[in-house]
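Since the structure comes first, as structure tokens, the remarks are kept for the end.
The values are calculated or read from the model by the stated rules, or taken from the named source; none is laboratory data. Fair warning: this is a prediction, and the values are worked out from it, not measured in the lab. Note that we place each Cβ from the backbone using ideal geometry, even for glycine, and neighbour counts take in every protein chain shown.
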């Protein structure tokens, strides 16, 4: 739903609704918002990883957010910015706002090396593109990057059987006596590059390396031994340490072909590569900012129309997902229909919370400077808690959560054939075939306690010590209070604010909000009870005092139900018939039914919404509709 910019009231008039909403927030499951670092602490330790800190500094970083200064005991505070962000996000959904906060970069890349064509729709796409992979060497000239093609084994008499590869392969176990070489099974294994000389012969049509040593060892052929990842970094947490690596070979890239023309890497290809670097590709021996882009290093690449289409540090590198309508890597934003982006228009959330000039650049010229919001959130202050407010006496290590996986198209894109893995839509599908599924929210998991979120496996913590942090959450039952001031809000705008705070769904069903960290573990569930206070602003400035105290203005009587009704009527009037779905009230529209379903308390059975381990993603199970979660018969949990 869009808002007429000309209808927005100014900040210098007395009109519409003014006042404040007092809110009582009750913590239902452990809540944690990390404290900011003090300037001195940041100066000394801000560049260190958590596992590199001393014990007392780790505990300092684990503190709950607080605004108490030095020398005063820290008291948990929920920052107003967190409350504002949560409220705005829900208001955008409830008011059928724009889908504007979708990444327009980086481009999406993918890899499907061992995927089955029957189970993965990307398998055939990947294999067809990677049949033309080549090898070469990077060369930097001023600000430009080039690839110098390497000699091809077949042209050097080192291959006699098709398909010809642009590199040679050598078994890890065959490499002995090469100084500095780390074997695959070594716990300290990392990717490596070694200048080598080698010898061997063709056996059954394939060149077999029989001797290998340093470049000065004097063997007949020369090149670079490229030792890429051990595959533990993509095998999942358990497999990465408890199983042997599946990789058994390394590759040898022959010397530069001095007779070949350099191939320039276009800037858009470079940007796509740099923007899609994984944490692994930023570690040694790669460059932290540029990945494998190191002058003189071997590189693998594919050409399209005689231009470098993409490249990577290993033969099976990630490639961009390019739909038919684009000549670049697709981004998630490409799959948001133009009508939902609302470019050049304002929605209700922007009208209430304010907008920057960029959000109004195509609207009427007089408001292209943007406008500040008309709502103001205080921090949530702790109410007296006789039994203490923290879940633990000292910081505890929570279970590890991985970063979001937006490339998991089975979760982020709509699917017309969810039960047919080979027919799933992905980021290389035509833009008209699928769209982004919508806003990302987390299920409530009922009464979660500290033992549900704390890592109890000491051995795992020892092995993966770099992945763990510490927290000290607020315990369930603790209460906070905060206030939302508002100015010049129309009835439907104030009704929208009250709606997302009160969550008026079905009678007899409770609804809760989510705040802070650890939401996939069930953390951060809170109950908010708002109390509306409306004031007549004009009368507020007619006199200074009343009965010896500051005069706040005349009280205005409007019920929250009346205001929420105005909001619902405005939305139902504005949305099209497809979104309305013959609903008589907002809660009966499909969009809001799904929102309220996810916010239901205590939520669906915990086994239906378990946290997905990394290994589960390979099955490409489609995320079910929220309304189908109770009747889903899928194995496992989503």
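Summary table below
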| quantity | calculated |
| --- | --- |
| Helices (runs of 4 or more DSSP H) fully within the stretch 1-117 counting 3 or more residues that are surrounded by 15 or more Cβ atoms within 10 Å (Cβ to Cβ) | 55-61, 80-94 |
| Strands (runs of 3 or more DSSP E) enclosed by the stretch 253-361 - at least 3 residues per element that are in contact (Cβ under 8 Å) with a residue 24 or more places away in the chain and surrounded by 20 or more Cβ atoms within 10 Å (Cβ to Cβ) | 298-304, 307-312 |
| Hits in the stretch 410-428 (condition: outside any loop (DSSP other than H, G, I, E, B) and under 13 Å from residue 333 (Cα atoms)) | 412, 413 |
| Qualifying residue in the stretch 140-153 (condition: in a loop (DSSP other than H, G, I, E, B), crowded, with 17+ Cβ neighbours inside 10 Å, at pLDDT 90 or above and under 34 Å from the mean Cα position of the chain (by Cα)) | no |
| Residue match in the stretch 203-211 (condition: in a loop (DSSP other than H, G, I, E, B), assigned by TED's automatic domain parsing to the domain that holds residue 252 and in contact with a strand residue (DSSP E or B) (Cβ under 9 Å, 6 or more places away or on another chain)) | no |
